[in-house]
Amino acid sequence: MPSVFIKTYGCQMNERDSEAVAAQLVAKGYTLASSEGLADIILLNTCSVRDLAEQKALRKMENLVAEARRERPNQVLGFMGCMAQSRGQQLIDLLPDVDLVIGTQKFHRTADYLDDILAGRRDKAVDVAAEANSQATIREHLVNGNAKTGVTAFVSIMQGCNQYCTFCIVPYTRGEERSRTIPDIVAECRELVSRGVKEITLLGQIVTSYGRRGHVAADVSPRHFFPDQLAPTDVGGFGSRRTTSPFVQLIEAVHEIEGLERIRFTSPHPKGYGDDLVEAYSRLPKLVESAHLPVQSGSDRLLKLMHRGYTRERYLAIIEKLRRVKAKIGVSTDIIVGFPGETEEDFDQTLSLVREVQFDQAFIFKYSARQDTPAADMPDQVQQPFKEERNQRLLALVNEIGSQRHRSLIGSHVQILVEGPSKKRPDRFMGRTRCNKIVVFDGSERHLGQIMDVRITRAGSFTLYGDPAILNDGGCQ
Ligand code: 5AD
């Protein structure tokens, strides 16, 4: 059977989509190639969120085309994902050796198109159409042994985004928000747990919007979200018996799964971060003390121009509430520097917010104008040298705070879930704390999948080092 190699760019959602496509292909008899050179098919799962990500994938495909021409004339080459969605046929016009372009609602059709191309029934295929209920098609996982440790897994709970932040291309590449049903998601989680998964991360562009839209798909009515054993919510407008949001109801349902140890989610939106979600951290022990809450800017003026739907004050209030419930919660964020019109004063506001919150980690992005997004046409675009300089200044601050927080853990006891050998030091093992920090320790295969207490002995810039703890002093970060 033909072998396939998938290279993924961009976010965790893309990683998850690639895994689902790989699993679907394996189920149809395809094998997974260990390198590009050995593959009959190479698929690039692309990202459009910044221009750099698009350019990387385009350059990669140019190289693959050149190599295929020289050495592997029958190799099938394809684009999938966000850039495939936004550029469609253009990609084949640009690179005529590309055989396949699969949009974000068509991942599950990949095998059919590949079968057709390999059998000569089609020369090329481009499919970027919308498809009702495509949110329910990303469900297959690779089984243990296929490059997965099987301890942690990602589960896609929804697709699309309706927020239309003015900088962001995602609503155009991923389409309207559509959620899967709770029973469908729980069934997938149960199956994963039965295969040994201990930690599940619920994934969506904006998970706090989960289930809030009635028009999930033409053939799925809202009542299917809430089977009889789950009370309807008054937040999504589907009736009124409880005040928890559909997302918190989903977490509760997943929390019931026996054998599951930990639940994470990414990404919530500050706009939809209700008290019910804050409170869930104190009520649901499997929900770990970690929150990735993208802020984007510390300036109210820019937050408005970005169409974020919250103020600096509201953002800070959420962090304060979270820390009141879980003092040691790990908090990370995304920040954009150089958004159109960003002045030194606006940037100072971002610096001061970062100082105030003391993030454990912050991902900084230089603003990149995306085609057809409102911000691309805004006046006062910030010149590259200013973006670079602000990026450096912010990075220095973020790193300083991050390493201080890291060092403060030395000597403390933390709980880790052991995921497997350390990537950088394969002779050692790594696990993650509940707050999402990586800890490397002297372990062995028998520790895999175990929840352990370790004492932090040393802090590197991104990694903590620990010794398995003999005594548990009850502290857990
Ligand atoms: N330019 C720079 N960064 C962006 N992001 C989204 N769109 C853009 C853009 N046009 C960043 C945001 C988001 C993260 C995933 O990518 O910070 O949270």
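Observations on the model:
- Breaking point among (1) within 13 Å of the ligand (Cβ to nearest atom); (2) at pLDDT 95 or above; (3) under 27 Å from the mean Cα position of the chain (by Cα), for Ala396: (1)
- Among (1) buried (at least 18 other Cβ atoms within 10 Å of the Cβ); (2) assigned to a loop (DSSP other than H, G, I, E, B); (3) hydrophobic (A, V, I, L, M, F, W, C) - the single one Ala375 does not satisfy: (2)
- Summed over segment 182-197, the residues that are assigned to a loop (DSSP other than H, G, I, E, B) and surrounded by 22 or more Cβ atoms within 10 Å (Cβ to Cβ) give a count of 1.
- Applying the condition of being assigned to a strand (DSSP E or B) and aliphatic (A, V, I, L, M) to segment 395-440 and asking which residue is surrounded by the fewest Cβ atoms within 10 Å (Cβ to Cβ) yields Ile438.
- Meets criteria (within 14 Å of the ligand (Cβ to nearest atom), within 26 Å of Glu388 (Cβ to Cβ) and small (Gly, Ala, Ser)) for Ser332: yes
- Residues satisfying the stated conditions in segment 170-198, i.e. under 22 Å from Ala130 (Cβ atoms), without any contact (Cβ under 8 Å) to a residue 60 or more places away in the chain and basic (Lys, Arg): Arg178, Arg180
- The residue that is nearest to Leu305 (Cα to Cα), among those in segment 165-181 that are surrounded by fewer than 21 Cβ atoms within 10 Å (Cβ to Cβ) and within 12 Å of the ligand (Cβ to nearest atom), is Thr166.
- Pairs, first part of a strand (DSSP E or B) in segment 270-297, second surrounded by 18 or more Cβ atoms within 10 Å (Cβ to Cβ) and polar (S, T, N, Q), C-beta under 6 Å, six or more apart: Ser290/Asn436; His292/Thr266; His292/Ser267; His292/Ser332
Residue-wise test of (1) part of a helix (DSSP H, G or I); (2) surrounded by 15 or more Cβ atoms within 10 Å (Cβ to Cβ).
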{"residue": "Tyr315", "(1), (2)": "yes, yes"}
{"residue": "Leu322", "(1), (2)": "yes, yes"}
{"residue": "Leu353", "(1), (2)": "yes, yes"}
{"residue": "Gln371", "(1), (2)": "no, no"}
{"residue": "Val382", "(1), (2)": "no, yes"}
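- When segment 262-277 is limited to residues that are under 22 Å from the mean Cα position of the chain (by Cα) and surrounded by fewer than 19 Cβ atoms within 10 Å (Cβ to Cβ), the one that is nearest to the ligand (Cβ to nearest atom) turns out to be Lys271.
- Test: residue in segment 358-376 that is closer than 30 Å to Thr463 by Cα, in contact (Cβ under 8 Å) with a residue 60 or more places away in the chain and more than 15 Å from the ligand (Cβ to nearest atom): yes
- Per-region count, segment 297-306, residues within 10 Å of the ligand (Cβ to nearest atom) and surrounded by fewer than 24 Cβ atoms within 10 Å (Cβ to Cβ): 1
- For segment 11-48, the set of residues classified as crowded, with 21+ Cβ neighbours inside 10 Å and not in a helix (DSSP H, G or I) consists of Tyr30, Ala39, Ile41, Ile42, Leu43, Leu44, Asn45, Thr46, Cys47, Ser48, listed by residue number.
The values are calculated or read from the model by the stated rules, or taken from the named source; none is laboratory data. This structure is a prediction, so every number in the text was calculated from the model and none was measured. Every residue, glycine among them, receives a Cβ derived from its backbone with ideal geometry; neighbour counts consider all protein chains shown.
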